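We did not get these values from a lab; they are worked out from the coordinates using the rules stated. Predicted model only: the values in this text are computed from it and were never measured. Counting neighbours? That spans all protein chains shown, and the Cβs are built from the backbone with ideal geometry, glycine included.
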């Protein structure tokens, strides 16, 4: 309804199997293209394809076109044509991915580097894969990435909440941190605006500062191209989903110095929960100025207006994971708030991306962004995890039907400015080549929030809710929170190569100043990373790496515990793995085993709701294997398997327990078959299977069952048109995503079917 307003042995066995027959003495491969001559050069004239030439080209979606050197969507310096690490034209670290197999990234090193030369696990989901899966949010894009729980807290219209290697992920956009503090200070990105979404697993603090030990997600925005192309599409689907979207790019001037891109969408939709909308209006304009081949300046804007509510109702264990006294469970579409509830967000941001190459050995890069976010949140939801410690009940009646409710509202205004400037130098010392990057980044985050809430509203039936009842508000508060966080970091990193040996060394110093509620908290840390790889001619590259993480924890313990400022989280990881891409192939197999330790984790305070306690250390060990790319001429795939043993290592009641919401086993595989027979030319079919293993609450009392989900796709494409239909959770499996020891459970994503048609010109 609409609202109206033991892993080392396993890794070595795999490594030995893949290296059988490989020579141990090979000539080193050139991993970088030849640099252009020093000094500025004039840009080539822009060539616009005639319509006849376009029709003669192989049919491909706009997102599937491989960029030429003069049509790169990257903000990096234009490079001459060179073979890619796989097949086709050489890609750039921020440009389009050809098919499913990305070969380069900037997320892992902050330099344009081949994925096979990064001694850490990195996954890249490109725009073509996003399109094929009809991904409408970040959760959708990550469902086939190993080691990632895409919707750790179920389907949530307010925030995505992905988990990586047993930790909550930090989200970045174009290399700058996008999420900080509470979710009302952030917003959800739209995958249609992204060229690629990249997952860096493991510590990233040396390059990014405050980043969790499990990893980060960096989304790369679509950027202007010089080749003209446009598309407009319309979609319709389950829950009255209606969406119009467009994307247009090309050169502005005939000399190729100015180019533009404009991407936008409008969505009007319900969700599987009654009275919760999912409406969005968004526009992303971009313009690039390239006065010569050595300088690129890009300005990106983002304007977004979301009108939704909370699909999460925080239902009790009883009625979700367990049946109630009468054997009943709460229906998937149940809404126990009030129809006037809402979660509305307005975003306006501007990003500057600039790069200048002084000569073939030295360049400077800069990215900065200012974002203004306004969020208006009003919600009424099940309040059992608040009421239990105070009153000792979950339901008010013996039939376990009427639950307590919490009413909460907040208006939050957030402004964030962050920037990253670095200098990259290439040189050699004897037989060793170096690519050194040194930089300074800075963030200023400020958030003001006016909030009010109440416990013990009039109880409501979870099976037959009646809205608009008188509110019995016997507890309430009004509070103004004003928080400012400043962060500065200095970092240096060296990528070394000696023959077939590749090494990475890096270190960083961070300073954090947090002011909130009249109190001040200062933290600082020094973090390190190191990695070593050997590149075989067969395409097999084993590696070993070490990394550290640092995350300042904003806030204090409960007044009952003395309102003590939290210590920063600190972590370290050892990783042993390999990257394998056979010569001439357009697919890759990557695998890793790892050992993580992290201290000072936060956990909900069992004695005082709304506050956290620092539980001490966690130990996380795991194994991952991933396959992505074009397996045959007709078949492209993405998927893998991960095992995550994530345990608390402390002196509390959770000691030795698996961390809540983290299944030990995750497995998935998505594949698309493109027909080439004359009578089926243009047709493609896709299918996917996802296995989510069982998980537990932090006390290991509640076991959330495992579940297997299926997805599917059919598409037809010709020169200018593409039609598709997608189904997610095609069996409409109703499942619980996770349950917390505080008393609530989160429901997974219901079946959704969308169909759409796109016109390209």
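Would you mind putting 129-141, 336-348 in packing order, based on average other-beta-carbon counts within 10 Å, highest first?
Averaged packing, sorted descending, gives the order 129-141, 336-348.
Neighbour counts of other C-beta atoms within 10 Å: give me 164, 330 arranged from fewest to most.
Values: 164 26, 330 22.
Ascending number of Cβ neighbours within 10 Å: 330, 164.
What's the exposure ranking of 397, 278, going from fewest to most Cβ atoms within 10 Å?
Going from sparsest to densest Cβ surroundings: 397, 278.
Per residue and in Å³, how big is the convex hull formed by the alpha-carbon atoms of the range 7-760? List each step's numbers first, then the result.
Details: hull volume 112.0 nm³, N = 754.
Normalising the Cα hull of the range 7-760 by residue number yields 149 Å³.
Ranked from highest to lowest mean number of other Cβ atoms within 10 Å per residue, what is the order of the peptides 195-206, 639-650?
By packing density, highest mean first, the sequence is 195-206, 639-650.
Report the gain in length on full extension from residue 428 to residue 509: 0.36 nm times residue separation, minus Cα-Cα distance, nm rounded to one decimal.
Values: separation 81, 0.36 × 81 = 29.16 nm, distance 2.62 nm.
Using 0.36 nm per residue and subtracting the Cα-Cα distance, I get 26.5 nm.
By count of other Cβ within 10 Å, fewest leading, how are 670, 511, 721 ordered?
721, 511, 670
Can you give the Kirkwood hydrodynamic radius for the range 578-637, in Å, rounded to one decimal and based on Cα pairs?
Here the Kirkwood hydrodynamic radius works out to 15.2 Å.
Sequence gap at least 6, Cα distance under 8 Å: using those rules, report the relative contact order of the range 7-760 to the nearest whole percent.
Once divided by the residue count of the range 7-760, the mean separation gives 13 percent.
Between residue 723 and residue 370, with labels modelled 7 Å along Cα→Cβ, what's the label distance in nm to one decimal, could you check?
Roughly 4.8 nm, to one decimal.
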